[in-house]
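First comes the structure, then the notes that go with it.
Values quoted throughout were computed directly from the atomic coordinates according to the rules given, and no laboratory measurement underlies them. These numbers were taken from a predicted model, which means no experiment stands behind them. Ideal geometry is used to build each Cβ from the backbone, glycine not excepted, and the neighbour counts take in all protein chains shown.
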Amino acid sequence: MSTSANASQHPSEAWFVTTHWSVVLSAKDRASPQSEAALEKLCGAYWCPLYAYVRRQGHSPHDAQDLTQEFLSRLVHKDYLDAVQQERGRFRTFLLMAFKRFLSDAWDKVRAQKRGGGIRNLSLDVAAAEEKYRVEAVDEVTPETIYERHWALTLLERTMSRLRQEYVAAGKSGVFDELKVFLTEAKGTISHADVARRMGLNEGTVRVSVHRLRKRFRELFREEIACTVHNPEEIEEEVRYLMSVLCT
């Protein structure tokens, strides 16, 4: 899209172009060559939270896989997106509401499709999703809490992956592998001096590198969240909410 076109847009419309809402709407056009790619992107981003939610509802791993992949397929290929509007707000909330509606009347139909070979096979890492679910599946946790925790964890994983890719592209994969512990461990539990000795650097250099690493991680994490909200003003609120979900 040209700069002049962007300038003519309402600010919220320009923001909307960069969000996951735009990915979904482009996927809705089955004639578009981007439709299949958009579907795969959606599956990769939202598979684990949705799978965890339906597992917590009491479905077996195989049934949860069938339900989740059928929902994602219908999301972009059926009429599930007809009501999508910018004012829907957080994509996290919209997706769960749509999934709940799907589950309320879909199970018998999905089982029939499975017997008839109608369920579409998507590229999904079921084993990884199941392992993540089992780690979180404690008795007092509701399906909604499971979903939101996995949503937050998915965003963190995507952020970490993007950050690592940046270091790899800069030829600094070894630096990232040494410093990433400062992102995952509590502050003060890792010694800068020990890491500096291992890397053959002085402690001050390591401290500066860790500061830059954390700063870039926060930037990328906010970019991931920005893709799931309606406007920039909602980013900080969503960051606080998702962090609170992980801490409970």
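Some observations on this one:
- Each of Leu201, Leu163, Leu72 has some number of other Cβ atoms within 10 Å of its Cβ, and from fewest to most they run Leu201, Leu163, Leu72.
- At R0 = 25 Å, FRET efficiency that the Cβ-Cβ distance of Leu246 and Thr205 yields, to 0.05: 0.20
- Using a Förster distance of 25 Å, the FRET efficiency for Ala170-Ile190 (Cβ separation, nearest 0.05): 0.65
- Calculated FRET efficiency, Ser104 to Leu183, Cβ-Cβ distance, R0 = 35 Å: about 0.30 to the nearest 0.05.
- In nm, spacing of pseudo-spin labels at Lys215 and Gln57 (7 Å Cα→C-beta vector): 4.5 nm
- Cβ-based exposure ranking for Cys227, Cys48, in which fewest neighbours within 10 Å come first: Cys227, Cys48
- Taking Glu219, Glu224 and counting other C-beta atoms within 10 Å, the order from fewest to most: Glu219, Glu224
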